[in-house]
Amino acid sequence: MHLAIRQAAAGDTPVISDILLEAAHWLQREGAPMWRDDEVTPERIASDVSVGSFYLAESAGEAIGTLKFQLSDPIFWPDVPTDESAFIHRVAVRRHFSGGTASSALLAWAAERAHALGRRYLRLDCEASRLRLRAVYERFGFQHHSDRHVGPYFVSRYELPLPRPGPNHAMERTADRYADGARGYYPIGFAAAARTLQRRKRVVIQPESNQANPLN
């Protein structure tokens with residue numbers, strides 16, 4: 001599977017909303033609701049798409065996954081320095097591409113992008129009660145940071161420490177673990193992981209087609 005990740009444009013808003021709604025409806029059927037429908041409608045996410053916060057993962061021209069990538073998060077992370085982290089939200093993959101490969105590729109891409117921008121951490125949050133989702137992030141390498149009440153939500157906050165930029169930051173020796181499903185993988189090494197996955201004919205991650213400017 002060839003997987004390309006690119007910054008979304010305004011015209012992609014309906015398909016991003018559709019991916020998010022598909023994920024939301026499946027979680028509702030599973031008895032583990034995450035997002036309300038009105039939180040991920042095209043109208044609700046349009047402004048975030050227009051400023052370049054959303055990214056799309058595509059395979060053979062089909063949009064199969066999305067995430068929101070930002071360089072500040074004053075709502076869920078108001079207590080961390082503003083210049084050391086990147087943050088992700090709204091990670092979702094279409095059901096017929098579920099199984100871990102596409103979602104792991106999205107997380108690895110976000111980690112590599114954060115690293116390329118000189119950030120020390122990739123951070124995210126999820127409902128504290130969602131133990132299975134928390135386990136997914138922990139297997140990937142995220143470490144529990146803290147729990148916090150945010151409005152009506154009680155969330156667990158996770159961070160992935162990123163190595164300092166430089167020529168010797170251990171890309172190659174972690175690539176095989178990423179290709180094996182990211183269990184315990186410290187996922188820096190976008191290029192190395194892509195080469196390993198290509199060799200195993202599972203997925204090829206292509207760089208985003210239009211490079212985003214650093215987001216505020």
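Tabulated results
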| read-out | value |
| --- | --- |
| Failed condition for residue 87, given (1) touching a strand residue (DSSP E or B) at 6+ places or on another chain (Cβ under 8 Å); (2) touching a residue at least 60 places away in the same chain (Cβ under 8 Å) | (2) |
| Subset tally (residues that are out of contact with any Ser or Thr (no Cβ under 6 Å at 6 or more places or on another chain) and part of a helix (DSSP H, G or I)) for the stretch 18-38 | 13 |
| Yes/no for residue 50 being surrounded by fewer than 18 Cβ atoms within 10 Å (Cβ to Cβ) and at pLDDT 95 or above | yes |
| Scan of the stretch 139-164 for residues that are more than 13 Å from residue 85 (Cβ to Cβ) and of a type in the set (Phe, Trp, Tyr), ordered by number | 140, 153, 154 |
| Residue check, residue 21 without any contact (Cβ under 8 Å) to a residue 24 or more places away in the chain and among the hydrophobic types (A, V, I, L, M, F, W, C) | yes |
| Cβ pairs under 8 Å, 6+ apart, first in the stretch 151-168 and over 26 Å from residue 116 (Cα atoms) and among the basic types (Lys, Arg), second part of a loop (DSSP other than H, G, I, E, B) and at pLDDT 85 or above | none |
| Per-region count, the stretch 108-167, residues under 21 Å from residue 71 (Cβ atoms) and not small (Gly, Ala, Ser) | 30 |
| Single residue of the stretch 11-26 satisfying the filter (among the aliphatic types (A, V, I, L, M) and at pLDDT below 95) that is surrounded by the fewest Cβ atoms within 10 Å (Cβ to Cβ) | 24 |
| Residue in the stretch 39-72 that is farthest from residue 12 (Cα to Cα), counting only those that are of a type in the set (A, V, I, L, M, F, W, C) and assigned to a loop (DSSP other than H, G, I, E, B) | 71 |
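The values are calculated or read from the model by the stated rules, or taken from the named source; none is laboratory data. Predicted model, so just to flag it, every value in this text is computed and none were measured. Backbone-built Cβ (ideal geometry, glycine too); neighbour counts: all protein chains shown.
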